[in-house]
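Trainee: Quick one: the structure is below, and I'll ask about it shortly.
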Amino acid sequence: MKTALICGVSGQDGAYLAKLLLEKGYHVIGTSRDAQVGNFANLDRLSIADQVERQSMVLTDFRSTLQTIAKAKPGEVYNLAGQSSVALSFEQPVETMDSISVGTLNLLEAVRFLGSGIRVYNASSGECFGDTADGAASEQTPFRPRSPYAVAKAAAHWAVVNYRDAYGLFAANGVLFNHESPLRPERFVTKKIISAACRIKASSQYALKLGNLAIQRDWGWAPEYVDAMWRILQQPKADDFVIATGSAYSLADFVAAAFGELGLDWRDHVQIDQKLQRPSDIMCSKGDPQKACADLGWKSSYAMPDVVRLMVEAEFNGTGELAERTLPARSTKLFSP
C-alpha cells in the first residue's frame with residue numbers, strides 16, 4: 001500500500017485529494033497545525049474523516065516538518081498548506097510569505113535530508129503569471145506576480161525547481177489556475193456568490209456586494225484538478241505543469257450564471273462596492289493546459305457554467321458531493337460589461 005502525506009488536508013484541495021487517493025488504495029496521512037483540535041469539516045462532508053490518519057505538523061517549523069515526514073515514511077508528499085486567499089494576503093503579507101515560501105523550503109529541505117526518494121508535489125498558482133491579457137499562460141510564460149500571495153507562490157515555485165535541479169529531488173509544481181467547489185469557504189468570491197444567490201432565492205431581502213465585475217478568470221472544477229496533482233507525481237521524471245481549462249470568463253459572467261441557474265436576474269440583486277476592490281488586481285488570468293493534456297493525459301471536462309451549476313446543486317444539498325435536485329430551467333445569459 002502506498003502512503004501519501006497531504007500537507008493542508010483540511011482545505012478544499014486536500015479533502016478532494018484525500019478522497020481520490022483513498023479510492024486508489026493509498027494510506028492517507030493528513031496534517032494540520034494541531035490535529036487534535038483542527039477543523040476537518042471538509043473530510044466529514046466527503047465522508048472520509050475516519051479513513052484519514054491525522055498528524056500535527058507546522059511547516060514553518062523545520063524540526064516539526066522533519067519529524068513528521070520521518071515518522072510517516074510517505075512515498076508521496078503533497079504540499080497544499082499555507083495561507084490560500086489572495087485578498088487576505090494584502091492584509092497579512094508576512095504571514096502569507098512565511099506560511100507558503102518558508103513552509104515549502106522546510107519541506108524540501110526535510111525531504112533532501114531524509115534522502116529516501118520521496119516524491120514531492122507543490123501547489124504553485126496561476127496567480128504567479130499576473131495578467132495574461134489576451135493570451136494564455138504556459139510553462140514558458142514569465143512570472144509577474146501582483147499580490148503578496150502570488151509573490152510567495154512564485155518564491156515557493158522556484159525553490160522547488162532549484163531543489164530538483166541542484167539536489168536531484170523528484171519535486172514538481174502544479175501551476176493551478178482557479179478551481180472551485182462546494183468546499184470553498186465564503187471568503188472566496190465564488191462561494192460568496194453561490195451562497196448569496198441561494199439565499200436571495202429563498203428570501204429576496206438581501207443584496208450581494210461585489211467589487212470589480214470585469215476581471216476574468218479561468219475557473220475549473222476542483223475534483224478534476226486534484227486528479228492532475230496525482231498524475232504529476234506518477235510521471236517518470238519530475239516536471240512542472242499548468243493545470244487550467246484554457247477558457248476565461250468575467251466575474252459578471254459567473255454572477256449571471258449563478259443567478260440564472262435559479263431563474264433570477266442578477267442585476268436586481270447585486271451592488272458594486274468599491275471598497276471590495278484589491279490594491280492591485282489581475283484583469284485577465286487564463287492558462288494553457290496543452291502540456292498537461294499531452295504528457296499527463298489530463299483535460300478538464302467542466303467549464304465555468306458547469307462549475308456554477310454543480311455548486312448551486314450542492315448548495316441545496318448541503319454537501320461537497322453532487323446533489324440530485326431539480327432546479328429551474330437554465331436561463332443563463334453570459335454578460336460582458
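The values are calculated or read from the model by the stated rules, or taken from the named source; none is laboratory data. Fair warning: this is a prediction, and the values are worked out from it, not measured in the lab. Neighbour counts are summed over all protein chains in view; Cβ atoms, including those assigned to glycine, are modelled from backbone coordinates with ideal geometry.
Trainee: Identify the single condition in (1) over 26 Å from residue 83 (Cα atoms); (2) modelled with pLDDT under 95 that residue 258 does not satisfy, given that it satisfies every other one.
Mentor: (2)
Trainee: Could you say whether any residue in segment 103-113 is modelled with pLDDT of 95 or more and within 30 Å of residue 211 (Cβ to Cβ)? Break it down into steps so the answer makes sense when it comes.
Mentor: Pass one, segment 103-113, residues modelled with pLDDT of 95 or more: 103-113.
Filter again for within 30 Å of residue 211 (Cβ to Cβ), leaving 103-104.
Yes, some residue in segment 103-113 is modelled with pLDDT of 95 or more and within 30 Å of residue 211 (Cβ to Cβ).
Trainee: I need a count of the residues in segment 71-97 that are in a loop (DSSP other than H, G, I, E, B), of a type outside the set (Gly, Ala, Ser) and under 22 Å from residue 30 (Cβ atoms).
Mentor: Taking segment 71-97 as the starting set, the residues that turn out to be in a loop (DSSP other than H, G, I, E, B) are 73-75, 80-85, 92.
Those left that are additionally of a type outside the set (Gly, Ala, Ser): 73-74, 80, 83, 92.
From what is left, the residues that are under 22 Å from residue 30 (Cβ atoms) are 73-74, 80, 83.
Total meeting the criteria: 4.
Trainee: Still on this structure, please answer the following. Do you know which residues across segment 251-291 are surrounded by fewer than 18 Cβ atoms within 10 Å (Cβ to Cβ) and of a type in the set (A, V, I, L, M, F, W, C)?
Mentor: Once the filter is applied, which keeps residues that are surrounded by fewer than 18 Cβ atoms within 10 Å (Cβ to Cβ) and of a type in the set (A, V, I, L, M, F, W, C), segment 251-291 yields 272, 276, 283.
Trainee: Kindly evaluate residue 254 against the criterion of being assigned to a helix (DSSP H, G or I), aromatic (Phe, Trp, Tyr) and within 13 Å of residue 214 (Cα to Cα). So that I can check it myself, show each step before the final result.
Mentor: Details: assigned to a helix (DSSP H, G or I): yes; aromatic (Phe, Trp, Tyr): yes; within 13 Å of residue 214 (Cα to Cα): yes.
Yes, satisfied.
Trainee: Kindly establish whether residue 241 is surrounded by 23 or more Cβ atoms within 10 Å (Cβ to Cβ) and within 21 Å of the chain's Cα centre (by Cα).
Mentor: Answer is yes for this residue.
Trainee: Quick one: which residue in 209, 191, 201 is within 16 Å of the chain's Cα centre (by Cα), outside any loop (DSSP other than H, G, I, E, B) and basic (Lys, Arg)? If you could, list the steps in order and put the result at the bottom.
Mentor: Values: 209 fails: within 16 Å of the chain's Cα centre (by Cα); 201 fails: within 16 Å of the chain's Cα centre (by Cα).
It is 191.
Trainee: Next question. If only one of 139, 127 is farther than 19 Å from residue 29 by Cβ, in contact with an Asp or Glu (Cβ under 8 Å, 6 or more places away or on another chain), charged (D, E, K, R) and at pLDDT 95 or above, which one is it? Even if it seems obvious, please write down each step before you answer.
Mentor: On the way: 127 fails: in contact with an Asp or Glu (Cβ under 8 Å, 6 or more places away or on another chain).
One residue alone meets the criteria, 139.
Trainee: Sticking with this one: Step by step: first the residues of segment 22-35, then only those that are in contact (Cβ under 8 Å) with a residue 40 or more places away in the chain and crowded, with 24+ Cβ neighbours inside 10 Å, then the one that is nearest to residue 103 (Cα to Cα). Which residue is that?
Mentor: Going through the qualifying residues, I end up with 31.
Trainee: Here is a check on your reading of the model: is residue 143 buried (at least 17 other Cβ atoms within 10 Å of the Cβ) and either without any contact (Cβ under 8 Å) to a residue 24 or more places away in the chain or at positive phi (or both)? So that I can check it myself, show each step before the final result.
Mentor: Working: buried (at least 17 other Cβ atoms within 10 Å of the Cβ): yes; either without any contact (Cβ under 8 Å) to a residue 24 or more places away in the chain or at positive phi (or both): yes.
Taking the combined requirement at face value, the residue satisfies it.
Trainee: Separate question: Quick one: in segment 179-188, which of the residues that are surrounded by fewer than 20 Cβ atoms within 10 Å (Cβ to Cβ) and touching a residue at least 60 places away in the same chain (Cβ under 8 Å) is nearest to the chain's Cα centre (by Cα)?
Mentor: Start the filter on segment 179-188 by keeping residues that are surrounded by fewer than 20 Cβ atoms within 10 Å (Cβ to Cβ), which leaves 185-188.
Within this subset, residues satisfying the condition of being touching a residue at least 60 places away in the same chain (Cβ under 8 Å) are 187-188.
Values: 187: 14, 188: 11 Å.
If we take residues in segment 179-188 being surrounded by fewer than 20 Cβ atoms within 10 Å (Cβ to Cβ) and touching a residue at least 60 places away in the same chain (Cβ under 8 Å), then 188 is nearest to the chain's Cα centre (by Cα).
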